[in-house]
Each structure stands twice: as structure tokens, then as C-alpha cells.
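Asks: Sharing a structure with you now.
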């Protein structure tokens, strides 16, 4: 009997904590929306805080947002309201999400492209997971998925063959795409491969927001050092980590990093001797 009440008490405490956390998140989102002058909505608190940090850190906002891995279009929707991009290009590999992206982003300045991006053109499998945020071109370790990612099913619900393109090819095909870019990358373990296939796009890019998964189920073929070194070689420096997620085991998993184009130091000519 004592054990029964102990278990019941634990469940009640857990329920109360979850409800308290949900209430805090709703109220915090409402407060931040009011402070930012945007309509309240059921935004993820983490995303709202990330975009507010971007607004504080990026003084000269590029006019074009390239949202690679647009998922359900929430990032693009909120970025438009908070940052005010003149043009938004949403690129998403999962064809089932395109209608929802358009529903969230009905504006004529939003272009939606259903395409899988990689380092080069190829025919490859696209793994569609139970948790659509986990869908990727990169295969995953089923044991890690089962043990560390309980919101996802250990087996993909579908494997689709897709024809990949490079980001440069996509950008080249979009008419009247003027100005510099803000590039957001969230493609579940494939970010550096996409960057390697985008030398021309990177030349027009001023700011990059990219995810890196330190504890990952994906069989990614590059390290965080590889990512940082690549971006440094292309003129970018890290401005900070804007958000992170932890697994139920408390291991740090995904972290969103902001990279800004490195400012080129200018030196004035020495004054001529009198």
C-alpha cells in the first residue's frame, strides 16, 4: 500500500511539474510576443528566444532568408514577423510538409521548393521518421534512436528515393533573387555536405544559423571541428551558441550556432611627413 501511494505521489508530482512547465512556456511566449510587437501564437519558446537573439546580434540583416530544412514553416513564419526579411526561400525535402509550409507562409514573397540538398547530384534514400523533425538523408543508428530519442520510432515509416541537388543549383534557378543571404540550415546531420556544394551561395551569404548534433543517432561523416574549419576558411566566425537541447539522459544533443561573416580590418594610410 505504501508503495502504491508512493508511485501515485510520484505521478502526481510529475503531472504538476509538466503542467507548470507548459504554463510557464505559454506565458513566456505571450510576454515575448507582446514585447516584440507581434501577434501571440503557439510558438516554441526556444525558437522565439533564438530569433530574438539573432535580432539582437545581427545589426545589418540580409534581405533574403534561405531556410534549408524548413520543416513545417514555423521558423520562416516567425523570422518574417520578427526580422522582416524581404524574400524567403523555404527548401524542404519532405513533400508531405509543403502544404503546411504554405499555410503558415501565404505571402507572395515566400517561395517554397521541395528538394533534397546534398554536396552533389545523386539518387539517394531519404529516411522519413515517425518524428518528422528527425527525417534525413543520413541513415541513423536504430539502437541510439530507441534508447536516446524516445519521441521517435526506431524504424523509419518510409524510405523514399530522391534525386538530390546542390544549394547552388537551387539558388541559380530562382529568378530575381537579389541581395545577400541569411542561411539557416537544419537538415539532421547533412549540413556540412550541403555547404560544400554551395560555394557560390556562400559568397553571397552574410549570416549562417546551423545546427550541429553533438549526441546524434545519425551516421554523419564530419565533426564539429570540420564544420567550424570549413566556415572559417570561407570567411565566417562563430558569434555564439543560441540554443541547445538535451536528451532525457541529460546528454547535450543539438546546438544551434550563429556564424557571421568576418569583418575585414581596414587600415588608414599613414600621414605623409611634413
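Asks: If residue 258 passes every condition in (1) out of contact with any helix residue (DSSP H, G or I) (no Cβ under 9 Å at 6 or more places or on another chain); (2) surrounded by 12 or more Cβ atoms within 10 Å (Cβ to Cβ) but one, which one does it miss?
Replies: Here residue 258 meets the rest and fails (1).
Asks: Only residues that are in contact (Cβ under 8 Å) with a residue 24 or more places away in the chain and under 24 Å from residue 177 (Cβ atoms): list them for the range 110-128, please.
Replies: Those that are in contact (Cβ under 8 Å) with a residue 24 or more places away in the chain and under 24 Å from residue 177 (Cβ atoms): 110, 111, 112, 113, 115, 116, 117, 118, 119, 120, 121.
Asks: Report yes if residue 145 is surrounded by 14 or more Cβ atoms within 10 Å (Cβ to Cβ), closer than 30 Å to residue 37 by Cα and out of contact with any strand residue (DSSP E or B) (no Cβ under 6 Å at 6 or more places or on another chain), otherwise no.
Replies: Taking the combined requirement at face value, the residue does not satisfy it.
Asks: So which of 131, 168, 186 is free of Cβ contacts under 8 Å to residues at least 24 places away in the same chain, surrounded by fewer than 22 Cβ atoms within 10 Å (Cβ to Cβ) and either closer than 15 Å to residue 67 by Cα or assigned by TED's automatic domain parsing to the domain that holds residue 59 (or both)?
Replies: Working: 168 fails: free of Cβ contacts under 8 Å to residues at least 24 places away in the same chain; 186 fails: free of Cβ contacts under 8 Å to residues at least 24 places away in the same chain.
From the options 131, 168, 186, the qualifying one is 131.
Asks: Does residue 140 satisfy the criteria of being free of Cβ contacts under 8 Å to residues at least 24 places away in the same chain and either under 16 Å from residue 216 (Cα atoms) or out of contact with any strand residue (DSSP E or B) (no Cβ under 7 Å at 6 or more places or on another chain) (or both)?
Replies: On the way: free of Cβ contacts under 8 Å to residues at least 24 places away in the same chain: no; either under 16 Å from residue 216 (Cα atoms) or out of contact with any strand residue (DSSP E or B) (no Cβ under 7 Å at 6 or more places or on another chain) (or both): yes.
So residue 140 does not fit the description; no.
Asks: Which of the residues that make up the range 54-77 are assigned to a helix (DSSP H, G or I), in contact (Cβ under 8 Å) with a residue 40 or more places away in the chain and crowded, with 18+ Cβ neighbours inside 10 Å?
Replies: Of everything in the range 54-77, those that are assigned to a helix (DSSP H, G or I), in contact (Cβ under 8 Å) with a residue 40 or more places away in the chain and crowded, with 18+ Cβ neighbours inside 10 Å turn out to be 54, 75.
Asks: Oh, and also: Here is a check on your reading of the model: is residue 204 closer than 21 Å to residue 231 by Cβ and over 17 Å from the mean Cα position of the chain (by Cα)?
Replies: It is true that residue 204 is closer than 21 Å to residue 231 by Cβ and over 17 Å from the mean Cα position of the chain (by Cα).
Asks: Pairs please, first residue from the range 196-216 and farther than 23 Å from residue 57 by Cβ, second anywhere and modelled with pLDDT under 95 and buried (at least 20 other Cβ atoms within 10 Å of the Cβ), Cβ atoms under 8 Å, 6+ apart in sequence or on different chains.
Replies: What qualifies is 216/189.
Asks: Please work out if residue 153 is more than 24 Å from residue 84 (Cα to Cα) and touching a strand residue (DSSP E or B) at 6+ places or on another chain (Cβ under 6 Å).
Replies: No, not satisfied.
Asks: Now a separate question. Given the options 193, 204, 219, name the one that is surrounded by 20 or more Cβ atoms within 10 Å (Cβ to Cβ) and out of contact with any helix residue (DSSP H, G or I) (no Cβ under 6 Å at 6 or more places or on another chain).
Replies: Values: 204 fails: surrounded by 20 or more Cβ atoms within 10 Å (Cβ to Cβ); 219 fails: surrounded by 20 or more Cβ atoms within 10 Å (Cβ to Cβ).
Result of the check over 193, 204, 219: 193.
Asks: Another question, if that's okay. Six or more apart or on different chains, Cβ under 6 Å: which pairs go from a residue in the range 16-45 that's under 15 Å from residue 79 (Cβ atoms) to one that's at pLDDT below 85 and assigned to a loop (DSSP other than H, G, I, E, B)? Could you list them?
Replies: 33/40
Asks: Looking at the range 150-162, is at least one residue under 17 Å from the mean Cα position of the chain (by Cα) and either closer than 19 Å to residue 185 by Cα or assigned by TED's automatic domain parsing to the domain that holds residue 193 (or both)?
Replies: no
Asks: Tally time: how many residues in the range 232-260 are in contact with a strand residue (DSSP E or B) (Cβ under 7 Å, 6 or more places away or on another chain), in a loop (DSSP other than H, G, I, E, B) and under 26 Å from residue 169 (Cβ atoms)?
Replies: Looking only at the range 232-260, we keep the residues that are in contact with a strand residue (DSSP E or B) (Cβ under 7 Å, 6 or more places away or on another chain), and these are 235-247, 252-260.
Applying the additional criterion that residues be in a loop (DSSP other than H, G, I, E, B) yields 235, 247.
Going one step further and asking which of them are under 26 Å from residue 169 (Cβ atoms), we end up with 235.
Matching residues across the range 232-260 total 1.
Asks: Follow-up question, since we're still on this one. Working carefully through the options 30, 81, 42, 102, find the one that is surrounded by fewer than 15 Cβ atoms within 10 Å (Cβ to Cβ), modelled with pLDDT under 95 and in a helix (DSSP H, G or I).
Replies: Every option except 30 fails the conditions.
The values are calculated or read from the model by the stated rules, or taken from the named source; none is laboratory data. Since the model is a prediction, treat every value here as computed from it, not as a measurement. Please note: Cβ atoms are built from the backbone with ideal geometry, for glycine as well, and neighbour counts cover all protein chains shown.
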